[in-house]
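**Student:** Let me begin by handing over the structure; questions about it come next.
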Amino acid sequence: MVLRGMPDFHRVIATVDRFQQRNRPVGFAYGVVKKFSDDRGGNLAALITYYGFVSLFPLLLVAVTVLGYVLHGNPDLQHRILDSALANFPVVGDQIQRNLTTVQGHGVALVVGVLFALYGGLGIADVAQQAMNRVWGVPMYRRPGFVPRIARSLGLIGTLGLGILVTTVLSGVGNRLAGTVVIGLAVSIAAVVANTALFVVAFQVLIAVKVPWRELLPGAVVAGVAWEVLQRVGTFYLSRVLQGMSEVYGLFAIVLGLLVWISLEARVILYAAEINAVRKQQLWPRSLAPPRTDADQRADLALLRDAEREAPQPLGADPVP
């Protein structure tokens with residue numbers, strides 16, 4: 001309730017707070033933004049950006065090497081699959097491809113080199129697991145150990161590989177049928193559907209606890225649509241900004257473009273995951289000012305559970321040695 005003696009600033013805050021708590025879409029949106037802040041989403045996005053940048057080149061080395069052996073007699077298909085992978089990085093993808101090589105060696109040396117490159121590229125999957133478990137408030141004692149974590153990371157890499165193959169097929173179909181706006185729109189819709197399905201699978205792989213598939217769908221739809229929009233808008237924008245920068249700054253422009261691009265994608269995915277968690281755990285409406293709501297208290301409990309390293313003991317039970 002707004003008091004008459006309340007200063008103008010606090011009165012405005014109280015009015016806005018009352019409006020957002022009574023308006024479900026606005027309250028839900030604020031709940032998502034608030035939880036992103038509670039989870040230190042900016043720090044999580046920065047970690048994903050760093051490990052994504054560091055992991056990108058080892059994973060591309062593995063991909064190029066494996067494609068070279070599996071599709072030895074079909075260089076055209078190798079090239080198309082690699083193009084589909086690098087198409088997720090507008091403008092700078094072409095420059096990355098020009099500097100890609102394969103893991104060198106024969107026999108055991110080659111296998112060891114590929115395995116080391118793959119292990120070095122799993123950093124992004126590992127930090128993505130940490131981020132998703134943080135978003136869902138999974139206690140530390142329920143998170144997977146070293147071997148299960150590696151298995152989940154490999155599962156995510158496999159999911160991404162499947163996504164690249166699907167993108168290759170859609171790209172080939174689009175190129176063959178290109179010519180009308182309707183066909184272009186149909187290809188974009190198909191890409192959104194494929195991306196949504198992949199995000200649902202990726203979310204399930206990354207979260208250490210079982211979450212019903214239907215609870216992951218809303219955020220996956222948002223991520224799938226936002227990913228496609230980023231591809232379209234990013235290609236247009238970065239082609240105008242980075243193209244000129246690359247002529248002046250060279251390699252620095254590539255690094256800058258990759259960091260910006262990975263950061264944008266990381267934030268999209270994290271916000272999509274927050275949408276699912278807020279919806280599932282009923283973490284809205286949140287308050288802008290006292291008094292705190294029930295959703296605020298549930299959010300506080302979720303943060304406390306996230307830091308638990310041991311399972312809570314029943315009352316009266318002896319402590320575990």
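The values are calculated or read from the model by the stated rules, or taken from the named source; none is laboratory data. On a predicted model such as this, the values are computed, not experimentally measured, just so you know. Neighbour counts are summed over all protein chains in view; Cβ atoms, including those assigned to glycine, are modelled from backbone coordinates with ideal geometry. In case anyone asks, the SASA skips ligands and DNA or RNA and just uses the protein heavy atoms, side chains included. Shrake-Rupley method; radii C 1.70, N 1.55, O 1.52, S 1.80 Å.
**Student:** Counting only other residues whose beta carbon sits under 12 Å from that of V205, what net charge do I get with K and R as +1, D and E as -1?
**Tutor:** Numbers: positive: R149, R152, K210; negative: none.
Overall, the nearby charge balance is +3.
**Student:** For A226, what is the net charge nearby, where nearby means another residue's Cβ is under 14 Å from its Cβ and Lys, Arg count +1, Asp, Glu -1?
**Tutor:** That works out to -1.
**Student:** Another question, if that's okay. State the percentage of accessible surface on the range 20-90 attributable to carbon and sulfur atoms; use a 1.4 Å probe and exclude ligands, DNA and RNA.
**Tutor:** 63
**Student:** Ignoring ligands and nucleic acids, what accessible area does Y271 show with a 1.4 Å probe (Å², nearest 10)?
**Tutor:** Its heavy atoms expose roughly 70 Å² to the probe.
**Student:** Projected onto the charge dipole of the range 17-57 (+1 at Lys/Arg Cβ, -1 at Asp/Glu Cβ, origin at the Cα centre), which of L56, G42, Y30 gives the Cα projection farthest towards the positive end?
**Tutor:** Going by the charge dipole, the pick is Y30.
**Student:** Show E274, E215 ordered by accessible area, largest first, where the area counts protein heavy atoms only and the probe is 1.4 Å.
**Tutor:** E215, E274
**Student:** Limiting things to C-alpha atoms, what are the Rg and the maximum Cα-Cα separation (Dmax) for the range 253-308, in angstroms?
**Tutor:** 16.0, 49
**Student:** What does the accessible area per residue of the range 266-307 come to in Å², with a 1.4 Å probe and no ligands, DNA or RNA counted?
**Tutor:** Each residue of the range 266-307 exposes 49 Å² on average to a 1.4 Å probe.
**Student:** While we're here: Quick one: if the Förster radius is 25 Å, what FRET efficiency do D294 and W213 give, using the C-beta to C-beta distance and rounding to 0.05? If you can, show how the numbers build up before the last one.
**Tutor:** Details: r = 27 Å, r/R0 = 1.10.
E(calc), rounded to 0.05, equals 0.35.
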